[in-house]
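Worksheet: one structure, shown below.
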Amino acid sequence: MRDLPRNVDLGLLDQAIQDAIEAGVRESALDTVLIEPLHRALRGMDEVLKTDMRIWHWLTVVRYPDVVWYRWRGSVPADAEEGFVRGNGRRPVPAVRFLGTPSINGHGRNTFARLFFAAERLVGAGDSDYALVRRLFNSQELHLGISDREYGLLPQVSRVLTRQLADLPDQQVRAGVRNLNALGGSICLDLLDEAEIENLVSADPVQASRRV
């Protein structure tokens with residue numbers, strides 16, 4: 001086993017998790033509390049480590065398994081199998097919330113990777129304003145819509161969709177995501193700036209495509 005090329009200090013993340021759990025923060029509210037300390041702790045890692053799913057598996061399975069249960073179940077089960085199979089009178093917790101594959105889908109499902117990579121696209125390496133990424137996780141429908149699509153890897157697309165759609169009802173979020181997805185096959189989104197992408201986020205894909 002070789003040492004990591006850089007030390008990572010998880011002290012502030014440990015404290016944020018402890019404070020949140022003691023304060024009774026549960027389920028989706030944990031997302032907005034943990035985004036900033038998680039991203040600040042890990043954003044200095046080498047790129048090869050950020051995309052190594054073993055890092056994220058270690059965080060969820062070894063270091064912070066209780067956070068996964070609190071996020072998706074609301075409580076820690078006495079028996080892990082009970083949490084996976086029956087839940088707590090709610091949906092059981094899928095194993096992918098602890099694991100996840102090295103793919104867009106895997107990054108969007110692992111409990112910690114989903115927060116980190118959203119912050120990477122919306123905050124970046126040197127910025128310190130986490131308001132936009134918190135807005136994203138106030139709309140779970142939007143986060144799923146972005147994380148399941150290749151265009152979600154483009155920071156400018158993530159920023160525009162979050163600004164335009166995060167505060168809307170789920171039905172309008174789905175429509176906006178679908179419309180941009182329909183245009184992605186004929187328009188090279190990675191060559192557009194944010195103003196041009198804003199023109200595409202429209203209820204009418206045909207009308208929007210004429211604006212570019």
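The values are calculated or read from the model by the stated rules, or taken from the named source; none is laboratory data. Given the structure is predicted, the values throughout are model-derived calculations rather than measurements. Positions of Cβ are generated from backbone atoms using ideal geometry, with glycine treated the same way; all protein chains shown enter the neighbour counts. Remember, those area values only see protein heavy atoms, side chains included, never the ligands or the DNA or RNA. Shrake-Rupley method; radii C 1.70, N 1.55, O 1.52, S 1.80 Å.
For this structure, a couple of remarks:
- Radius of gyration and Dmax over the Cα atoms of region 25-141, both given in Å: 14.0, 42
- Calculated log₁₀ intensity ratio I(q)/I(0) where the Debye formula runs over C-alpha points of region 146-197, q = 0.20, 0.25, 0.31 Å⁻¹: -0.65, -1.03, -1.46
- What the phi angles of region 166-172 give under the Karplus curve with 6.51, -1.76 and 1.60, with θ = phi - 60°, is a coupling list of 4, 9, 8, x, 3, 4, 6 Hz, glycine and proline written as x.
- Order of exposure, largest accessible area first, which applies to Ser186, Ser128, Ser103 with probe 1.4 Å: Ser186, Ser128, Ser103
- Mean separation of Cα contacts under 8 Å (6+ apart) over length of the chain, as relative contact order %: 15 percent
- Rounded to 10°, Cα long-axis angle of helix 113-122 versus longest principal axis of the chain: 40 degrees
- Hydrodynamic radius by Kirkwood, which averages 1/r over all alpha carbon pairs of the chain, in angstrom: 18.2 Å
- HN-Hα J in Hz across region 51-58 - Karplus 6.51, -1.76, 1.60, θ = phi - 60°, x for Gly and Pro: 9, 7, 5, 5, 4, 6, 5, 5
- Evaluated on region 84-184, the Kirkwood hydrodynamic radius is 14.2 Å, with distances taken between all distinct Cα atoms.
- Using alpha-carbon coordinates, inclination of helix 11-22 to the longest axis of the chain, degrees: 80 degrees
- Cα centroid separation, region 1-73 to region 94-116: 12 Å.
- Computed from phi, the 3J(HN,Hα) profile of region 42-47 under the Karplus parametrisation 6.51, -1.76, 1.60 (θ = phi - 60°) reads 10, 5, x, 5, 4, 4 Hz, with x in place of Gly and Pro.
- For Asp129 and Asp66, a Förster radius of 45 Å and the Cβ-Cβ distance give a FRET efficiency of 0.95, rounded to the nearest 0.05.
- The C-alpha atoms of the chain define a longest principal axis, and helix 155-165 lies at about 80 degrees to it.
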